[in-house]
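Structure, as structure tokens:
FYI, it's all coordinate maths here, none of it is from the lab. Source: prediction; values computed, not measured. Cβ placement follows ideal geometry from the backbone for every residue including glycine, while neighbour counts extend to all protein chains displayed.
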Amino acid sequence: MQVNLYHLLSLLFILALTFAYLYEGISRESKLDGGNGLNLVSIPKPAKAGLGRPLIFMVAIATFSIATIVFSGPSTTLYKGLLQSLVNYLISGPGGVKVSTAGQLAIAIRLLSLLDFPLLALVLKAPLLTRLSIAVHGLVLFIVLMIVDAIESMVASTTNLPIGPFAIQGSLVVIIISTLVYLRFLQTTFVLPKATAVRRPRRWTYISQSASLILVAVLLVLLLGAGLFSASILFALPLQEVSLLSILSYPSFYTLSSIILLVAFSKIKPGEPPIDPPRLEVIMPAFNEESSIELAIMALDNAASGYRGSVKLIIGNDGSSDDTSAVANRALSRCKYLHGEVIDLEHQGKGFALNGAFFAGTEEIVIRIDADIIIERESLSHLPKWFANPQIGVVGALPTPRTDNGITWFDKMRRFEELKTFGFNLIAQSRLRAINCIPGTFVAFRRSAAIEAGGFVHGMNGEDADFTMGITRLGYSAIVDPNIKIQEDVPANLTDFREQRVRWNRAIIHSWARHNPLYAGSTGPRSWFFYPKMHSIRALSLARGMVPIWIAASIITQWHLAIHALIATGLAEILNFGTIAALAIRYTGAKTLTSLPSYFIYAIIKRLILIEALLTLPLIASYRSEAKNRHFVRSASSFGL
């Protein structure tokens, strides 16, 4: 058995061309943003999508998932045949694929990833050429996966190593490649913000942070690989089904990475707080908040009573059409420890309201808080020690849902989400100085750094993530202190939840575009790892979401396959849900665990809303077409037509 070097080089050349194609697209900065790169983004407003097209998308995915089980023979045979042909092209003489490709679930995951793009092309309201361009991403993904799978199979066949396309490294390659294709799809399809103009000083710490994270990733691959192969032996799970377990467990991969970061790296330490606490300034944007702002102000007054220094509140009233201004002024007049003012502004959006309140102040330590947030009494007293450390520029809190209006199912689900995000993931990211977003519900920061970063951005979703990235680009660190506690308002119904999560999903895309390391410059893992990590979860979330359908279909057609899938699913989610359960017990008690099983439903709803968010983004092709039409109308008008 001998490798044909010329054939290998030809495949590597094709692979290099496809990766160049991906790189060119991902590194393509938006030229359609008319903003200034600092506090103004000028792109078309998002559209309203509705649930119709996302439901069509999900039904199509579900139908295909069932088809791959019921009619597994043709798809498995086709994929095996193409892969075997490529391996035979690479290897002269008798030889075959080292790791069997008989597992249709492993193949189905690849096919589902490919199917994403043609289906997105189908449901997006776009010109024909744009639809074809989107669908081509599926073809590119197919080409890359086939070549990489063939090369991995060749290596396994010629070296007798326990590797291959369906071993752990093969599954991780699927995740990485799918993410790259997804990022190119985003950058080349939608009108996104251009790169931030906040300066980025050269810092060797970015290199050390990146090296540390790469070391953690290598260790995780080894640990996860050993664990997966051990599980396949312990549970008699065929080796070809390890791919299913690997892709199912990639959220557990990130959970395990956070555990290692918490154990292996030291946390940022606060400084020595001054004898006289610094004066604090709180800014609060408000638009039609007459029903909630009074409680928020009185809670701040209560928190100010537990702080030994001065606390001032500046409210930026964003042209409210209700009695927000009057209610806020009355509440301020009743405060005993808090003093402040209301600045009435024209309605121009949250970013302008934030900047209006921010630039009206003078104190160095500023707190941005939303008008529906209830801050707990001792929270402000934890801030001075953190800002006594000159390396810290941003401080966040641990939120919990408000309970003054009762507890809904969405409150319970959000509580689990908050514990995993704020009580675990962000704290782990802070060990590498790599937090990329402190949510705007509560964020304390240095005025001097915020001024240098340009203040708050207007015209995009995710101004809080952009604000965090802007300050950390200057060299400061961001941390979350679980002792700073707030209560946040959580949507009580599906309609409000959809509206919120559509904005949040757009925010992740907008923030990524502003801080894409390929053209905005890398700021360490916070830009090149943690943003792509969030997109990788989205790029493969549909394949994971279809596993229950696979199991149900397998019970009817191939019961042994259902058993394998159930074992894989259980093993993959033990670490992820075990971590959430441990955090819930620590912070809220074991009684909250009764709601944890329904978190699967919560995750499915979020996947559906993810598709809806994509459909609201303005298309590059549509924007250019409208621009040409406007130019034609202006030209015609100038000639009196």
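Using a Förster distance of 25 angstrom, determine the FRET efficiency expected from the C-beta separation of ILE585 and SER266, and round it to 0.05. Could the numbers behind the result be given before it?
Working: r = 26 Å, r/R0 = 1.03.
With R0 = 25 Å, the Cβ-Cβ based efficiency is 0.45.
Convert each backbone phi in the stretch 451-467 into a coupling constant with the Karplus relation 6.51 cos²θ - 1.76 cosθ + 1.60 (shift: θ = phi - 60°), then list the ³J(HN,Hα) values in order as whole Hz, x for Gly and Pro.
5, 5, 7, x, x, 9, 7, 10, x, 9, 7, x, 5, 6, 5, 5, 5
State the Cα centre-to-centre distance between the stretch 408-430 and the stretch 1-72 in whole Å.
That distance is 29 Å.
How much FRET efficiency would the formula 1/(1 + (r/R0)^6) give for ARG377 and LEU122, where r is the Cβ-Cβ distance and R0 is 51 Å, rounded to 0.05?
With a Förster radius of 51 Å, E is 0.40.
Under a straight-distance cross-link criterion of Cα-Cα below 19 Å, which lysines are reachable from LYS350, leaving out those fewer than 8 residues away in the same chain?
Result set, ordered by chain and number: LYS45.
For the residue pair SER333 and SER208, what label-to-label distance in nm results when each label sits 7 Å from Cα along the Cα-to-beta-carbon direction?
5.6
Using amide H atoms built in the peptide plane, which far-off residues or other-chain residues are under 5 Å from VAL480 H to H?
GLY396
Just tell me which aspartates and glutamates come within less than 17 Å, Cα to Cα, of LYS385; anything on the same chain fewer than 8 places away is out.
GLU272, ASP276, GLU281, GLU363, GLU364, ASP481
Given 0.36 nm per residue, what is the gain on full extension from LEU219 to LEU593 after removing their alpha carbon distance, in nm?
Contour length minus the Cα-Cα distance gives 131.5 nm.
Report the label-to-label distance for LEU494 and GLN348 in nanometres (one decimal), using points 7 Å from each Cα along the Cα→Cβ vector.
3.9
Whose amide H sits under 5 Å from the amide H of LEU40, counting only residues 5 or more places off or on another chain, with H placed in the peptide plane?
Residues meeting the criterion, in which the H sits 1.01 Å from N, are HIS458.
Calculated FRET efficiency, ALA197 and ALA388, Cβ-Cβ r, R0 30 Å, to nearest 0.05? Could you put the intermediate results ahead of the total?
Working: r = 30 Å, r/R0 = 1.01.
Once the sixth-power term is evaluated, E becomes 0.50.
Straight-line reach from LYS336: which lysines fall under 24 Å, measuring Cα to Cα and dropping same-chain residues less than 8 apart?
Output for LYS336: LYS312, LYS485.
How long is the gain from SER321 to GLU29 if the chain were fully straight, where each residue apart is worth 0.36 nm and the alpha carbon distance is subtracted?
Net length gain for the segment: 101.3 nm.
Can you run phi through the Karplus equation (6.51, -1.76, 1.60; θ = phi - 60°) for the stretch 515-529 and list ³J(HN,Hα) in whole Hz, with x for Gly and Pro?
Rounded to whole hertz, the list is 10, 4, x, 6, 10, 8, x, 6, 10, x, x, 4, 9, 8, 10.
Pick out, from LEU474, PRO401, CYS437, the residue whose Cα sits farthest towards the positive end of the charge dipole of the stretch 368-491, with +1 on the Cβ of Lys and Arg and -1 on the Cβ of Asp and Glu.
LEU474
So between HIS7 and ALA20, what do we pick up on full extension, going 0.36 nm a residue minus the alpha carbon distance?
Details: separation 13, 0.36 × 13 = 4.68 nm, distance 2.00 nm.
Full extension of this stretch gives 2.7 nm more.
Quick one: which residues, 5+ away or cross-chain, put their amide H under 5 Å from the amide H of LEU619? H built at 1.01 Å from N.
So LEU619 has HN proximity to VAL191.
Any idea how far apart SER305 and SER291 come out in nm if each label point goes 7 Å out from Cα toward Cβ?
Taking the two extended label points, one gets 2.7 nm.
Calculate one ³J(HN,Hα) per residue across the stretch 15-22 by plugging θ = phi - 60° into the Karplus curve 6.51 cos²θ - 1.76 cosθ + 1.60, and present them in order as whole Hz with x for glycine and proline.
4, 5, 5, 5, 5, 5, 4, 5
Give the residues of the stretch 440-463 whose amide nitrogen is closer than 18 Å to a point set 7 Å from the Cα of ASN483 in the direction of its Cβ.
Hits in the stretch 440-463 for ASN483 at 18 Å: 443-445.
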